[in-house]
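Report on one structure; see the data block that follows.
Just so it is clear, none of the values below were taken in a lab; they were calculated from the coordinates. Here the structure is a predicted model, which means the values were calculated and not measured. Note that we place each Cβ from the backbone using ideal geometry, even for glycine, and neighbour counts take in every protein chain shown.
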């Protein structure tokens with residue numbers, strides 16, 4: 001690990017912010033291109049509660065944690081460094097960026113690859129977060145097969161509600177669309 005305390009100018013070609021599938025894929029490609037890479041990851045993947053990752057060729061149904069561990073191993077083989085932590089800020093400097101970590105350390109880099117994923121905005125409904133990734137699903141392509149031919153309720157707002165209901169309708173004849181009230 002080559003993070004600094006801000007006194008050095010240790011540099012990477014690229015700092016990847018986020019160590020999920022996208023960030024690790026980017027780091028893998030960069031490592032194979034002989035770039036110096038640091039992946040900074042907070043260890044809280046959005047899909048952690050899910051039983052499996054779906055739609056990922058040759059890995060359909062793999063546990064999310066197992067997928068990430070395999071990705072980390074691959075990335076390390078090409079010389080990338082991995083750091084458990086969070087990026088607090090990134091500042092543009094003349095020849096790149098200074099990335100400040102939440103522990104106060106900093107890293108110099110020529111480029112940034114931000115792969116932090118999406119934030120999930122769930123309605124304030126009791127039980128939604130506790131069932132997230134198991135019974136409360138966000139994507140018919142990611143989890144639809146697992147709930148095919150079952151009763152499905154869509155809880156969304158606006159045009160998204162209708163769109164989601166139509167997508168899930170391809171998977172089940174029993175779809176209820178309930179608009180969320182905010």
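The Kirkwood hydrodynamic radius of the chain, based on inverse pair distances between different Cα atoms, is 18.4 Å.
For residue 160 and residue 93, the difference between the fully extended length at 0.36 nm per residue and the C-alpha to C-alpha distance is 20.1 nm.
Taking the C-alpha atoms only, the angle from helix 64-77 to the longest principal axis of the chain is near 20 degrees.
Pairwise inverse Cα distances across the range 11-114, averaged and inverted, put the Kirkwood hydrodynamic radius at 14.1 Å.
Based on alpha-carbon positions alone, could you give the equivalent ellipsoid semi-axes of the range 128-179 from the gyration tensor, as √(5λ), descending, whole Å?
The three semi-axes for the range 128-179 are 15, 14, 9 Å.
Taking the chain as a Gaussian network of alpha-carbon nodes connected by springs under 10 Å, the highest mean-square fluctuation of the residues 39, 147, 99 belongs to 147. Mean-square fluctuations from a GNM of the chain, with a 10 angstrom spring cutoff on Cα atoms, peak among 68, 137, 166 at 166. Using label points projected 7 Å from each Cα along Cα→Cβ, tell me how many nm separate residue 63 and residue 172, to one decimal. Modelled inter-label distance: 2.6 nm. Here the range 117-182 and the range 31-78 have alpha carbon centers that stand 25 Å from each other.
Between 0 and 90 degrees, the angle of helix 159-169 with respect to the longest Cα principal axis of the chain falls at about 70 degrees. Among 109, 58, 29, the largest mean-square fluctuation in a Gaussian network model of the chain (Cα springs under 10 Å) belongs to 58.
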